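Notes follow the structure.
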Amino acid sequence: MKISVLGGGAWGTALASAAAARHEVLLWARDAAQIDAMRRQRRNTRYLGETELPPALALDARWDAALAHADGGLLVIATPMAGLRECLQALPADRPALWLCKGFERGTGALGHEIARALGRSAPGGVLSGPSFALEVARGQPTALVAASDSDELCAAAVQAFHCDALRIYTSNDVVGVEVGGAVKNVLAIATGIVDGMAAQSGAGSSVAPGLNARAALITRGLAELTRLGLALGAQATTFMGLSGLGDLVLTATGELSRNRRVGLLLAAGRTLPEVLAELGHVAEGVYSAATVLARARALGVEMPITEAVVEVIEGRVDPRQAMWRLMTRESRAEFQAPPA
């Protein structure tokens with residue numbers, strides 16, 4: 001199978017590397033200097049320098065060459081959310097594509113499938129998502145993902161492209177749910193990082209510091225928030241108990257490789273947001289998605305108190321500790337709310 005992965009960041013590099021042992025894979029990046037360096041070093045030093053690139057993986061900075069390589073094969077868009085619209089606009093309207101980005105588009109608040117629909121694309125589209133750190137995929141460590149599309153053919157192509165001993169691909173027709181899960185979990189991971197950071201700053205054994213109980217409560221209530229928004233947008237409830245819901249949330253909220261969790265940890269340590277982003281050196285989608293998630297929730301009448309707290313912290317209106325403790329002082333309520341009649 002011929003596959004072109006469009007985007008030379010960590011995740012695009014990892015997925016292209018994982019498939020290169022079984023397929024003819026080309027990794028495209030717009031920066032010709034980056035591609036030249038990757039050819040010489042056989043590493044993506046800028047984004048994933050810990051692992052070597054497979055010898056068979058082709059590298060190219062020419063857009064037309066990337067499209068031609070995957071003619072009759074599979075196009076995979078691996079840009080950040082901010083680059084998805086531009087990439088889809090540059091594709092022929094009849095070329096199917098999967099995208100990997102997780103988030104809501106800044107300015108429009110659109111999810112990936114909504115961007116594709118607004119552009120009037122006639123070809124099938126879909127998303128490949130789930131609990132996955134790029135470094136582990138590049139190393140060949142076991143991972144499971146879900147490919148979601150209205151097109152059974154595109155889902156089947158994703159399975160053919162990436163399913164192997166170390167990478168299991170499930171399929172779904174709930175594009176909305178998979179995209180909501182992938183977007184909102186980043187915001188919730190920032191909140192969890194703040195709670196864990198508060199515990200670290202307070203010292204082990206402190207009687208007032210939040211601990212593992214607080215982390216579990218935050219993740220669970222975060223999943224409830226995520227589900228409420230997803231259902232309001234038309235998703236299927238069962239999706240949020242799967243890989244792109246519970247699975248991705250747990251990984252991103254607790255994993256040491258999580259950039260969004262790292263944002264929360266550093267904010268709890270008293271770092272400013274510009275300092276945090278400068279130290280990361282990579283995109284943390286939760287920072288850019290948080291306000292958009294909250295705006296869409298409010299427009300739909302969906303209550304998301306954890307997301308609201310994260311937005312207040314990111315915008316500098318509330319101290320991280322104050323925001324998290326305020327969540328604990330909310331009035332008691334039934335854990336599950338009956339859906340409106």
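Things worth noting here:
- In the set (1) touching a residue at least 40 places away in the same chain (Cβ under 8 Å); (2) part of a helix (DSSP H, G or I); (3) not basic (K, R), the condition left unmet by P210 is number (2).
- Residues considered: D71, D60, D31, D64. Of these, the only one that is closer than 21 Å to H163 by Cα and in the same structural domain as T108 (by TED's automatic domain parsing) is D71.
- Scanning segment 290-319 for residues that are closer than 19 Å to V263 by Cβ and more than 23 Å from the chain's Cα centre (by Cα) yields G316, R317, V318, D319.
- Counting only helices (runs of 4 or more DSSP H) that sit completely within segment 251-313, those holding 1 or more residues that are free of Cβ contacts under 8 Å to residues at least 12 places away in the same chain correspond to 273-280, 285-299.
- Counting only residues that are of a type in the set (A, V, I, L, M, F, W, C) and under 22 Å from M1 (Cα atoms), segment 23-53 holds 6 of them.
- Taken over segment 82-124, the criterion of being acidic (D, E) and within 20 Å of V176 (Cβ to Cβ) is satisfied by E105, E114.
- Residues (in contact with a Leu (Cβ under 6 Å, 6 or more places away or on another chain) and either more than 21 Å from T254 (Cβ to Cβ) or surrounded by fewer than 21 Cβ atoms within 10 Å (Cβ to Cβ) (or both)) located in segment 159-204: A161, I169, V176, E179
- From the list L300, L294, the lone residue that is surrounded by fewer than 18 Cβ atoms within 10 Å (Cβ to Cβ) and either in contact with a helix residue (DSSP H, G or I) (Cβ under 8 Å, 6 or more places away or on another chain) or outside the structural domain of L231 (by TED's automatic domain parsing) (or both) is L300.
- The C-beta contact set for segment 10-30 (first residue closer than 12 Å to A138 by Cα and surrounded by 20 or more Cβ atoms within 10 Å (Cβ to Cβ), second residue among the basic types (K, R) and modelled with pLDDT of 95 or more, distance under 9 angstrom, 6+ apart or interchain) comprises A14/R139.
- Filtering segment 213-250 to residues that are in a loop (DSSP other than H, G, I, E, B) and surrounded by 22 or more Cβ atoms within 10 Å (Cβ to Cβ) leaves only A235.
The values are calculated or read from the model by the stated rules, or taken from the named source; none is laboratory data. This structure is a prediction, so every number in the text was calculated from the model and none was measured. Ideal geometry is used to build each Cβ from the backbone, glycine not excepted, and the neighbour counts take in all protein chains shown.
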